[in-house]
Amino acid sequence: MLHTKRKSTWRRSALLVIAAVLVMTIMAACGGKKDNEGGSTGLTFAGAGKGTVVATYKDGNVTEAEFNKYLDIFNIMQPGYEQVIAIPQFKEQLLQQFISYKILAKQATEATLKKAGDQTDEQMKSFEDTLKTNADVKKTLDDKKVSTADVRTYLNLMLVVVEHMNSKVTDDEMKAEYAKNIGNYNPVTVRHILVATTDPSDSTKTLRTKEEALARAKEVKAKLDAGGDWTALAKEYSDDTGSKDNGGEYKDAKASDWVEGFKNAALTQPVGKIGDPVETEYGYHVIKVEKRDQVAYDKITAEQKQEVQSVVAYNHMNTFMTDEMPKQDVKITLPEASASPGASASPGASESPAASESPAASESPAAK
């Protein structure tokens, strides 16, 4: 309930890679030969150069066959997006995204291609077992006429782009990002009581007005200030099903995962003080920060450094989308697209279907 509901396209792309690892199984296939476009065969769908061209750009094109294959696999990775992808402007944004990945993959060094290829091969080993035991996954592939080699191409493309952008990140950039947003990378422990304005199980159902919620939040804060028990008051007042039964506590959590108002309070509110009610899209929160760690950069874990690197890589991706993609002379000729040829809304600058949470991926504190 406290978590952000939308993610950037670049961060979402990283999640697509994870989704592929979790739900798909395909055979490992090395494929290091070069195709006629100068890229690895492991980055190009079979038959990509044949059929109707639906997009051109400075150094290449996209055919209808390969783009449809990309969409088919995207749908497998992100169930529930079939109707969304049918909307012309979203479909065009995904085509723009696909073009950007093709361009970036061709810029990757041999070392990056090797690293991404090794990662893909490693993940394929577990995929084989999944196909043997999960008939539903195999049926989905068969129904969409998607081969295991097609899925490997998709996954390898994602990993190459991720590794290519990561390779641009310097240690100085990571140190600067960490110093600027140190709270995003260190655990924080908070207690809170949520007085919701809408039903947590049905956002269309109103529980109380903002005025009523604020008055109730002030009431519970007064009781806490007077020495009231968090456990008892959370059970009585809180509408957050993920924390109301444990005194409203979220222990050693990542503030960066929370909605903006709650995150800001967790990172700025004095430790040990019960703050005034904080408004978010869910209602009003009475918050107490119990612990906020801030570890020096040279002491953080490898996992934390990877998080920092991902954020800086995302910034590089945004720069590419805003500065370089307009130079690629992209022309879209999708039959369904209503935009004029040459329109090139950057998927890095605007949210596409890939950038929003799918129903299956949405998360609440109860899931932690």
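Among the numbered conditions (1) over 30 Å from residue 214 (Cα atoms); (2) at pLDDT 95 or above; (3) touching a Leu at 6+ places or on another chain (Cβ under 9 Å), the only one that residue 352 does not meet is (2). When residues in region 139-156 are screened for being of a type in the set (S, T, N, Q) and in a loop (DSSP other than H, G, I, E, B), 1 of them pass. In the set 63, 25, 4, 44, only one residue is among the polar types (S, T, N, Q), at pLDDT 50 or above, farther than 30 Å from residue 262 by Cβ and touching a helix residue (DSSP H, G or I) at 6+ places or on another chain (Cβ under 9 Å); that residue is 44. Answer with yes or no whether residue 363 is under 30 Å from residue 217 (Cα atoms), modelled with pLDDT under 95 and open to solvent by 50 Å² or more (accessible area, probe 1.4 Å). For residue 363, the condition - under 30 Å from residue 217 (Cα atoms), modelled with pLDDT under 95 and open to solvent by 50 Å² or more (accessible area, probe 1.4 Å) - is met. Is it true that some residue in region 81-103 is touching a helix residue (DSSP H, G or I) at 6+ places or on another chain (Cβ under 6 Å), modelled with pLDDT of 95 or more, surrounded by fewer than 22 Cβ atoms within 10 Å (Cβ to Cβ) and part of a loop (DSSP other than H, G, I, E, B)? There is no residue in region 81-103 that is touching a helix residue (DSSP H, G or I) at 6+ places or on another chain (Cβ under 6 Å), modelled with pLDDT of 95 or more, surrounded by fewer than 22 Cβ atoms within 10 Å (Cβ to Cβ) and part of a loop (DSSP other than H, G, I, E, B).
Here's the yes/no breakdown for (1) at pLDDT below 90; (2) surrounded by fewer than 23 Cβ atoms within 10 Å (Cβ to Cβ); (3) under 17 Å from residue 45 (Cα atoms); (4) within 20 Å of the chain's Cα centre (by Cα):
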position: 117; (1), (2), (3), (4): no, yes, yes, no
position: 120; (1), (2), (3), (4): no, no, yes, yes
position: 123; (1), (2), (3), (4): yes, yes, no, yes
position: 130; (1), (2), (3), (4): yes, yes, no, no
position: 133; (1), (2), (3), (4): yes, yes, no, no
position: 138; (1), (2), (3), (4): yes, yes, no, no
position: 142; (1), (2), (3), (4): yes, yes, yes, no
position: 155; (1), (2), (3), (4): yes, no, yes, yes
position: 163; (1), (2), (3), (4): no, yes, no, yes
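Give the residues of region 50-85 that are among the basic types (Lys, Arg) and out of contact with any strand residue (DSSP E or B) (no Cβ under 7 Å at 6 or more places or on another chain), sorted by residue number. Correct list: 58, 69.
Going by the structure shown, is residue 203 modelled with pLDDT under 95 and surrounded by fewer than 16 Cβ atoms within 10 Å (Cβ to Cβ)? Spelling it out, residue 203 is indeed modelled with pLDDT under 95 and surrounded by fewer than 16 Cβ atoms within 10 Å (Cβ to Cβ).
When residue 92 is tested against (1) of a type in the set (D, E, K, R); (2) within 15 Å of residue 157 (Cα to Cα); (3) touching a Leu at 6+ places or on another chain (Cβ under 9 Å), only condition (2) is not met. Within region 179-195, the set of residues being open to solvent by 10 Å² or more (accessible area, probe 1.4 Å) and of a type outside the set (S, T, N, Q) comprises 179, 180, 182, 183, 185, 187, 191.
Do we find that residue 313 is of a type in the set (Gly, Ala, Ser) and more than 18 Å from the chain's Cα centre (by Cα) in this structure? Against the criterion (of a type in the set (Gly, Ala, Ser) and more than 18 Å from the chain's Cα centre (by Cα)), residue 313 does not qualify. Checking each residue in region 266-281 for being open to solvent by less than 40 Å² (accessible area, probe 1.4 Å) and over 23 Å from the mean Cα position of the chain (by Cα) picks out 269, 274, 275, 277, 278.
Within the group 238, 243, which residue is crowded, with 18+ Cβ neighbours inside 10 Å, within 27 Å of residue 294 (Cα to Cα) and polar (S, T, N, Q)? Selected residue: 243, the only one of 238, 243 that is crowded, with 18+ Cβ neighbours inside 10 Å, within 27 Å of residue 294 (Cα to Cα) and polar (S, T, N, Q).
The values are calculated or read from the model by the stated rules, or taken from the named source; none is laboratory data. Everything quoted here is computed from the prediction, not taken from an experiment. Ideal geometry is used to build each Cβ from the backbone, glycine not excepted, and the neighbour counts take in all protein chains shown. Only protein heavy atoms, including side chains, enter the accessible area calculation; ligands, DNA and RNA are left aside. Shrake-Rupley method; radii C 1.70, N 1.55, O 1.52, S 1.80 Å.
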